[in-house]
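> Here's a structure for you.
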Amino acid sequence: MLHIENPTGFLPGEEDVVSLVDSFLRDHDKCGVSTVANTIFPAALDRGDGIEALTERYLQVYERRMHRQGEWGRYFQRMVAWPLGNGKNAGTVNQLSENIRSLREMRQGTPSSSGT
């Protein structure tokens, strides 16, 4: 597990580095820093209504705009829809949701129902 005290904060000088990298990328017709970061965590889709709602919105967008036959998926898609086996009916697990649930249970001092 990883804990980040202030995930949106910058240490002194970091914002300047991010701006410099972003300018370089855009000057070379590449996606900017926020676009790349959004592939890891789709902040633009987050409405503050929980991981399940975010997952549902993301998967709708993924199927409509990003999914290509034969590809393995995007990073966030694999976190929220990891295949449990082979075949259409194998199902998926939302690893991110499971981690959030586990962390909440640890904070509340209740044992995990999954045994982890």
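The values are calculated or read from the model by the stated rules, or taken from the named source; none is laboratory data. None of these values were measured; they are calculated from a predicted model. When we count neighbours, we look across all protein chains shown, and the Cβ atoms used for this are built from the backbone with ideal geometry, even at glycine. Surface areas here come from the heavy atoms of the whole protein model, side chains and all, with no ligands, DNA or RNA. Shrake-Rupley method; radii C 1.70, N 1.55, O 1.52, S 1.80 Å.
> Got a number for carbon plus sulfur as a percent of the chain's accessible area, 1.4 Å probe?
Details: 5060 of 9180 Å².
Answer for the chain is 55 percent, counting heavy atoms of protein chains only.
> Now, a different point. Give me the one-decimal nm value for the distance between modelled label points at Glu15 and Asn86, 7 Å along each residue's Cα-to-Cβ direction.
Spacing of the two 7 Å Cα→Cβ label points: 5.3 nm.
> Give me the one-decimal nm value for the distance between modelled label points at Arg104 and Ala53, 7 Å along each residue's Cα-to-Cβ direction.
1.3 nm
> Could you work out the helix-only [θ] at 222 nm for the chain, with each DSSP H run of four or more residues adding -39,500 (n - 2.57) and the total divided by the number of residues, to the nearest 500 deg cm²/dmol? Provide the component values of the computation, followed by the final result.
Numbers: 5 runs with 53 residues, N = 116.
When only DSSP H runs of four or more count, the value is -13500 deg cm²/dmol.
> Report the FRET efficiency, 1/(1 + (r/R0)^6), for Leu25 and Leu45, where r is their Cβ-Cβ distance and R0 is 25 Å, rounded to 0.05. Could you put the intermediate results ahead of the total?
Values: r = 22 Å, r/R0 = 0.88.
Efficiency, from the Cβ-Cβ distance: 0.70.
> Name the residue from Asn94, Thr110, Tyr75 whose Cα lies farthest towards the positive end of the charge dipole of the chain, charges +1 on Cβ of Lys and Arg and -1 on Cβ of Asp and Glu.
Asn94
> Pop a pseudo-label 7 angstrom from the Cα along the beta-carbon direction at both Asn6 and Asn38 and give the gap in nm to one decimal.
Here the answer is 2.6 nm between the modelled labels.
> Moving on to the next point. Would you mind working out the magnitude of the charge dipole of the chain relative to its Cα centre, with +1 at each Lys and Arg C-beta and -1 at each Asp and Glu C-beta, to the nearest 20 Debye?
Values: 13 positive and 15 negative charges, 122 e Å.
With only Lys, Arg, Asp and Glu charged at Cβ, the dipole is about 580 debye.
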